[in-house]
Amino acid sequence: MDEAIIRLENVSFSYEGAEERAVQGVSFDVKKGEFLSIIGHNGSGKSTLAKLLNGLLLPSEGRVEVAGISTANEEHIWEVRQTVGMVFQNPDNQFVAPTVEDDIAFGMENIGIPPSEMEARILDALHQVHMTQFRTAEPNRLSGGQKQRVAIAGALAIRPRVLVLDEATAMLDPRGRREVLDVVHRMNREQNMTVIQITHYLEETLESDRILVMDGGMLVGEGTPESVYQKVDWLRRLGLDVPFASDLQYRLQQKGFRFSALKLTGEGVLDSLWTSD
Ligand SMILES: Nc1ncnc2c1ncn2[C@@H]1O[C@H](COP(=O)(O)OP(=O)(O)OP(=O)(O)O)[C@@H](O)[C@H]1O
Ligand SMILES: [Mg+2]
């Protein structure tokens, strides 16, 4: 898992007319097969960063490389878009066609997938997200969770090596969120697909390989869930909440309990209480 599939070198971005940079001097690598989460309060630059990852936005300064290709290289922009698929927050804004299968086909047409390959890819993508039976359904009649799974199928049909989810579960209820999350974790595990998820639901980041923390357009921290969520005061200063288990452990620590390492689940915290002296 050591090879980088995406590399950012000192990337900054300003929206036209804006005084402040939305992203400032950000550098990091995303490894092949990694499950990476990006957190940060509203306006910290997460969505801007996401759009820089597949050339929807180009850096004002610095460089973004996808599988060795600069996103600023116009000749290869379709290779970049094919490598990095994106799913955004609001499923309703992501459908253009009258049926689920037409919608997935439309996305493939856009990047020049030959029509002869489309049917197999549609079936495969719908199968991955457990939505095969909805192939001829109207997208706007689906539930929020089903819509997001179709949106993910649309991204998967392009066979991206990296899937970026920008608050793709934000509009869903807990069950819908779980459905979507299960699908991407499975794709990550079984097909070694690299996943980059942006979310405000910190509980959903606990199974990540690594978490990046954004603040004011800058990358202000990174590490494993255990190392990031142990910095409770720091996270709160950044306007972020902390997951249940780290809050619990933090409050127990204030009362004098000592833990050797942060546990990410309530059960884990309890276990270490039993075994500590
Ligand atoms: N299209 C735009 N034009 C001008 N400024 C923008 C635009 N989109 C975002 N911004 C500004 O850029 C900064 C970063 O916004 P961004 O959407 O990347 O944040 P975010 O971390 O995704 O926030 P949220 O958690 O609310 O989704 C903010 O100050 C925002 O106001
Ligand atoms: Mg955003």
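Residues ARG141, ARG81: which one is closer than 29 Å to VAL26 by Cα and of a type in the set (Lys, Arg)? So that I can check it myself, show each step before the final result.
Details: ARG141 fails: closer than 29 Å to VAL26 by Cα.
Going through ARG141, ARG81 in turn, just one is closer than 29 Å to VAL26 by Cα and of a type in the set (Lys, Arg): ARG81.
With the checklist (1) modelled with pLDDT of 95 or more; (2) touching a helix residue (DSSP H, G or I) at 6+ places or on another chain (Cβ under 7 Å) in hand, flag the one item LEU126 doesn't pass.
Just one mismatch for LEU126, condition (1).
Take GLN24 and tell me if it is under 17 Å from the mean Cα position of the chain (by Cα) and either more than 16 Å from ligand 1 (Cβ to nearest atom) or touching a residue at least 40 places away in the same chain (Cβ under 8 Å) (or both). Outline the logic, then answer.
Working: under 17 Å from the mean Cα position of the chain (by Cα): no; either more than 16 Å from ligand 1 (Cβ to nearest atom) or touching a residue at least 40 places away in the same chain (Cβ under 8 Å) (or both): yes.
No, not satisfied.
I want to confirm something. Restricting to segment 154-187 and keeping residues that are part of a helix (DSSP H, G or I) and surrounded by fewer than 18 Cβ atoms within 10 Å (Cβ to Cβ), which single residue is nearest to ligand 1 (Cβ to nearest atom)?
Initial filter on segment 154-187 (part of a helix (DSSP H, G or I)): 154-156, 174-187.
Filter once more, keeping what is surrounded by fewer than 18 Cβ atoms within 10 Å (Cβ to Cβ): 174-175, 178, 182, 185-186.
Values: PRO174: 20, ARG175: 23, ARG178: 21, ASP182: 23, HIS185: 22, ARG186: 26 Å.
Looking at the filtered set, the residue picked out is PRO174.
Just one of LEU58, LEU36, LEU53 is within 13 Å of ligand 1 (Cβ to nearest atom), under 19 Å from VAL164 (Cα atoms), modelled with pLDDT of 95 or more and not small (Gly, Ala, Ser); which is it? Step through it out loud before you land on a result.
Numbers: LEU58 fails: within 13 Å of ligand 1 (Cβ to nearest atom); LEU36 fails: within 13 Å of ligand 1 (Cβ to nearest atom).
Within the list LEU58, LEU36, LEU53, the selection yields LEU53.
Conditions (1) closer than 24 Å to ALA168 by Cα; (2) surrounded by 16 or more Cβ atoms within 10 Å (Cβ to Cβ); (3) within 16 Å of ligand 2 (Cβ to nearest atom), marked per residue:
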site: ILE5; (1), (2), (3): yes, yes, no
site: LYS32; (1), (2), (3): yes, yes, no
site: SER44; (1), (2), (3): yes, yes, yes
site: SER47; (1), (2), (3): yes, yes, yes
site: ALA72; (1), (2), (3): no, no, no
site: PHE95; (1), (2), (3): yes, yes, no
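Name the single residue, out of those in segment 125-153 being in contact (Cβ under 8 Å) with a residue 12 or more places away in the chain and farther than 23 Å from ASP166 by Cα, that is surrounded by the most Cβ atoms within 10 Å (Cβ to Cβ).
Ranking the qualifying residues of segment 125-153, first place goes to PHE134.
Please verify whether segment 204-220 includes one or more residues that are touching a helix residue (DSSP H, G or I) at 6+ places or on another chain (Cβ under 9 Å) and among the hydroxyl-bearing types (Ser, Thr, Tyr).
yes
The values are calculated or read from the model by the stated rules, or taken from the named source; none is laboratory data. Here the structure is a predicted model, which means the values were calculated and not measured. Here Cβ is always computed from backbone atoms with ideal geometry, including for glycine, and neighbour counts include all displayed protein chains.
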